[in-house]
Every structure is written in structure tokens, then in C-alpha cells.
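K.L.:
Sharing a structure, written as C-alpha cells. Questions coming.
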Amino acid sequence: MTPATRQEVLGLYRKVLQIAKNWQSASGQIEETMREKDYIRNEARTLFRKNKNVTDPKLIKQCIEECEARIEIGLHYNIPYPRPIHLPPMGLAHKQGRTLRHQEKLRKISKPIYLKSHDEIS
């Protein structure tokens with residue numbers, strides 16, 4: 001990892017922790033705010049620790065983009081949890097006779113960047 005990339009990653013981590021520190025839930029209830037703050041801190045800690053040994057520059061860039069996307073979506077919608085996508089089970093099939101394996105591949109490709117790591121740790 002280059003020093004510039006390292007600084008970018010550490011900056012993102014600090015930004016996420018700062019967001020958690022200043023987070024206010026949409027309902028304004030103290031219990032819910034505390035639960036969401038804990039979720040943000042634990043999610044960041046888990047994902048950053050999981051990816052600390054990543055050395056591939058492409059994969060590092062993808063992780064950085066995912067982090068930035070999740071930050072922007074969380075701040076925009078005021079929801080710390082990843083926004084799920086809803087695709088019907090065979091919704092990507094437009095040709096007759098596609099196999100389930102091919103459907104799974106299409107679903108994986110169509111998954112938004114902000115959900116790439118969420119399913120791996122959930």
C-alpha cells in the first residue's frame with residue numbers, strides 16, 4: 001500500500017468514527033441513536049480489520065469506493081444500514097432456459113458497490 005493510499009484509508013476510518021460520534025437517528029430517540037452509533041462503529045471496525053491485509057491496488061480502490069458510497073448513502077438517507085436491493089428470484093432472466101447458476105452470477109454482477117462486503121460479514 002502506498003503512503004498516499006494509507007493516508008486515504010486512515011482518513012476514511014477517522015471520518016466514519018467522526019460520523020458515528022455525531023450521529024443522530026431519524027427518530028431522535030436516545031436508545032435508537034446509541035444503537036445506530038454502535039452499529040456504525042462496529043461495522044467500520046469489522047470491515048477495516050477484515051481488509052487490513054489487502055495488498056491488491058484494484059481491490060483497495062474498490063474498498064475505498066464502497067466506503068465512500070456507504071458514507072454518502074448513510075448521510076443522505078440518515079440510515080446507517082446498507083440499503084438493500086430487491087430483485088425477484090428470476091428477475092434477470094430474459095432468455096428461455098437460463099440456469100440458476102447463471103442467475104446467481106447475474107445477481108452478483110448487478111449488486112451495487114455499497115453492498116459488496118455487507119453480505120460477507122452478515
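K.L.:
May I ask you to list the residues in segment 37-63 that are among the β-branched types (V, I, T) and buried (at least 16 other Cβ atoms within 10 Å of the Cβ)?
P.N.:
I40, I60
K.L.:
So, one more: Does segment 22-35 contain any residue that is closer than 16 Å to Y81 by Cβ, within 16 Å of the chain's Cα centre (by Cα) and open to solvent by less than 80 Å² (accessible area, probe 1.4 Å)?
P.N.:
Within segment 22-35, none of the residues are closer than 16 Å to Y81 by Cβ, within 16 Å of the chain's Cα centre (by Cα) and open to solvent by less than 80 Å² (accessible area, probe 1.4 Å).
The rows are residues; the columns are (1) part of a helix (DSSP H, G or I); (2) modelled with pLDDT of 90 or more; (3) more than 18 Å from P80 (Cβ to Cβ); (4) of a type outside the set (F, W, Y).
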{"residue": "Q7", "(1), (2), (3), (4)": "yes, yes, yes, yes"}
{"residue": "K15", "(1), (2), (3), (4)": "yes, yes, no, yes"}
{"residue": "Q18", "(1), (2), (3), (4)": "yes, yes, no, yes"}
{"residue": "R41", "(1), (2), (3), (4)": "yes, yes, no, yes"}
{"residue": "N53", "(1), (2), (3), (4)": "no, yes, yes, yes"}
{"residue": "I64", "(1), (2), (3), (4)": "yes, yes, yes, yes"}
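K.L.:
Now a separate question. Cβ contacts < 7 Å: first residue within 23 Å of A20 (Cβ to Cβ), restricted to segment 45-70; second residue among the aromatic types (F, W, Y) and open to solvent by less than 70 Å² (accessible area, probe 1.4 Å), any location; separation 6+ or different chain. Result?
P.N.:
Close Cβ pairs satisfying both conditions: F48/Y13; E66/Y114; A69/Y114; R70/Y114.
The values are calculated or read from the model by the stated rules, or taken from the named source; none is laboratory data. Source: prediction; values computed, not measured. Every residue, glycine as well, gets a Cβ built from its backbone with ideal geometry; the counts of neighbours run over all protein chains shown. Just the protein is used for accessible areas: all its heavy atoms, side chains included, with ligands, DNA and RNA removed. Shrake-Rupley method; radii C 1.70, N 1.55, O 1.52, S 1.80 Å.
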